[in-house]
Amino acid sequence: MAKSVVDLEMEKALDLAQKALDDNLHLLEVIEKGFGEGIKRVGDLWDEGEFFLPELMRGAQIMQAAVDLLQPHLEAQQSVRETRGKVLMATIEGDIHSIGKTIVSTMLRANGFEVVDLGADVKVETIISEAKKHQVNVIGISALLTTTMIGQKKVIDALEKHGIRNNFKVMLGGAPVTQSWVDECKADGYAENAVSAVKLTKKLCS
Amino acid sequence: MDVLLDHLNKKGVLLFDGSMGTQLMLRGLNQGEIPDIWNIKKPNVVQEIFKNYFAAGSDLVQTATFRANPIALKSKNYENLIEKINKSSASLLKGICPEGKLIVGDIGPSGIFFPPVGEANFDELVSSFKQQAKVLAPYIDAFHLETFSDIQEMKAAIEGVKKITNKPIIASMTYNKKSRGFFTIMGDTLKNNITELTEAKISVIGANCTLGSTDFIELFKDMRTINDTLPMSVKPNAGQPILQNGKLVYKQSPEEFSKDMNAILNLNNGLLIIGGCCGTSPDHIKLLRQIINQRISG
């Protein structure tokens, strides 16, 4: 199963997921140790510079398709795939670049997080109200432009103003974001890519 | 006739401009505002920046139309302004372009991606770039297709331009540095891109943005090794931005930037265009001018 994800073979992955259902395998193990190992390996290959965006995205889509097929049957086995945490994702107001944020969302879902994806060009107030509404653990804010990254700081300032900064962990992403920017914003971390975003989210939710 | 190639043949090295976005931010461009809108909202400001680059010594200056293609504008509901923005920017530039200098029409990526990353299709992209090229073409001497991370989208842009005009094209991809070399975020290699761009019959093979000038030395070296036929163009960033007193600034000085660019000139053995991307200013360009002139006279 892991191999089908790493080899980016959607049909094979779905066949194997169906076979797991037919053979009445322990589905939670199938997800976590089978396909889950695959998406982890996809992440490693990205880290090693072997995989790029298309492979990463395809791998996450295959993982998600397999999970979508198996998920409804988990209940019958009286097992639940526990969410690793709830994450709100948004690209900041004025920035239409949604792709990096979407990839992070896809990778987070594939890795067992519940994701509320607000899309791109999202106002600071909307991010705050949605984070409160969904009671997320982590707020992830993407900014691809040097002209828009200042908005990431505005979200954190607004959280502080509302007295709810400690209710959420805030992670930043986007090409111009650096550690010094994270320090300046008093954010909880930043990720350079979708794979490190998954690692960071795991850390922030632990 | 390739007017760009004529200029290159005459001078050997041509000086491009520096960043437009960073310059607009210094003049009050708000967070989230599309810089391209300033072509119609604050035309005098945009024109002043064009002027500053020519005054600093640029041989070519490009229009402020990086995001003025229909798909990118649509995402901000500005698609009805495509003609107005592109026309205004090109006219502003033409209005102040000194004799003997060149006007370049700037075209950036659409912001959408091919599957599996997104849902773009090739024909839709060709049509979008064609629309922008059609408005720019009458005013300009050459096109700069820049900051593309997907060679397929670049090919769509080239096709879009070529449907309108035979004017020269500078095609610049944007690269990340990995342990195995330089790749775009889509995984396109230098070798693949240079092969594809050569086959697409463009005039100049380029790279811009993402990396700072120091990384560009190695990038240029690798590009030069693969490409031994076409002229090249490099526009690095002035390092990476940091926040200072609530404002984003690029810390790399014109001197540091120029030192790296001089190293690129030392490696160069062909026709070359050099300039700057994010964070570079007329001061960076001015110093580059001095270096180029010194090399000629020295």
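The values are calculated or read from the model by the stated rules, or taken from the named source; none is laboratory data. Note that the structure is a prediction, hence the values are computed from the model and not measured. As a convention, Cβ positions derive from the backbone with ideal geometry for all residues, glycine included, and neighbour counts pool all protein chains shown. Protein only, heavy atoms only, side chains kept; ligands, DNA and RNA dropped before computing areas. Shrake-Rupley method; radii C 1.70, N 1.55, O 1.52, S 1.80 Å.
Counting only the Cα atoms, region B:217-280 fills a convex hull of 71 Å³ per residue. Sorted from greatest to least, the principal axis extents spanned by the alpha carbons of region B:3-297 come out as 48, 41, 40 Å.
How much of the DSSP bridge set in region B:3-297 is antiparallel, in percent, rounded to the nearest 5? Bridges in region B:3-297 are about 25 percent antiparallel. Sparsely packed loop sites in region B:24-61 (the trypsin sites (Lys or Arg not before Pro) outside DSSP H, G, I, E and B with at most 16 other Cβ atoms within 10 Å) comprise B:R27. Residues of region A:139-182 buried by at least 40 Å² of accessible area upon assembly of all protein chains, compared with the chain on its own (1.4 Å probe): A:T146, A:T147, A:I150. Along chain B, counting only GluC sites (Glu not before Pro) with a DSSP assignment other than H, G, I, E or B and at most 12 other Cβ atoms inside a 10 Å radius, the longest segment between sites is B:120-298.
Fully extending the segment from B:F122 to B:R27 would add 30.5 nm, taking 0.36 nm per residue of separation and subtracting the current Cα-Cα distance.
Heavy-atom accessible surface of the protein assembly as shown, averaged per residue, reaches 42 Å², computed with a 1.4 Å probe. How fast does region B:7-71 diffuse by Stokes-Einstein, in µm²/s, taking the Kirkwood radius from C-alpha pairs at 20 °C and 1.002 mPa s? In µm²/s, the coefficient rounds to 166. Assuming charge only on the beta carbon of Lys and Arg (+1) and of Asp and Glu (-1), the dipole of chain B about its Cα centre is about 520 debye to the nearest 20. Of the GluC sites (Glu not before Pro) found in region A:41-147, those in coil by DSSP whose Cβ has at most 15 other Cβ atoms within 10 Å are A:E48, A:E50, A:E82. Divided by 2.2 N^0.38 Å, where N counts the residues, the Cα radius of gyration of chain A comes to 1.06.
In a simple Cβ point-charge model (Lys, Arg +1; Asp, Glu -1; nothing else charged), chain A has a dipole of about 700 debye relative to its Cα centre. Taking the 1.4 Å solvent-accessible surface of region B:3-297 as the whole, the part contributed by carbon and sulfur is 49%.
With coordinates expressed along the principal axes, the C-alpha atoms belonging to the protein assembly as shown extend over 79, 51, 43 Å, beginning with the largest. At full extension, A:S129 and A:N24 could sit 33.5 nm farther apart than now, given 0.36 nm per residue minus the alpha carbon distance. Among the protein heavy atoms of chain A, carbon and sulfur supply 47% of the accessible surface, probe 1.4 Å, non-protein parts ignored.
Ignoring lysines fewer than eight residues from B:K191 along the same chain, the ones with Cα atoms less than 22 angstrom from its Cα are B:K155, B:K177, B:K178, B:K201, B:K221, B:K235.
Note that region A:156-164 has calculated 3J(HN,Hα) couplings of 5, 4, 5, 4, 5, 4, 7, x, 10 Hz, one per residue in order, obtained from phi through the Karplus relation 6.51 cos²θ - 1.76 cosθ + 1.60 (θ = phi - 60°); glycine and proline are x. Taking both sides together, the accessible area buried where A meets B is about 2400 Å² for a 1.4 Å probe.
Check each residue of region B:103-143 and keep those whose accessible area, probe 1.4 Å, is at least 30 Å² smaller with all protein chains in place than in the chain alone; give them in order of residue number. Buried by 30 Å² or more upon assembly, which counts only protein chains, are B:F113, B:P116, B:V117.
Taken over region B:148-286, the ratio of Cα radius of gyration to 2.2 N^0.38 Å equals 1.07. Rounded to the nearest 20 debye, the dipole size of the protein assembly as shown about its Cα centre is 1400 debye, using +1 on the Cβ of Lys and Arg and -1 on the Cβ of Asp and Glu.
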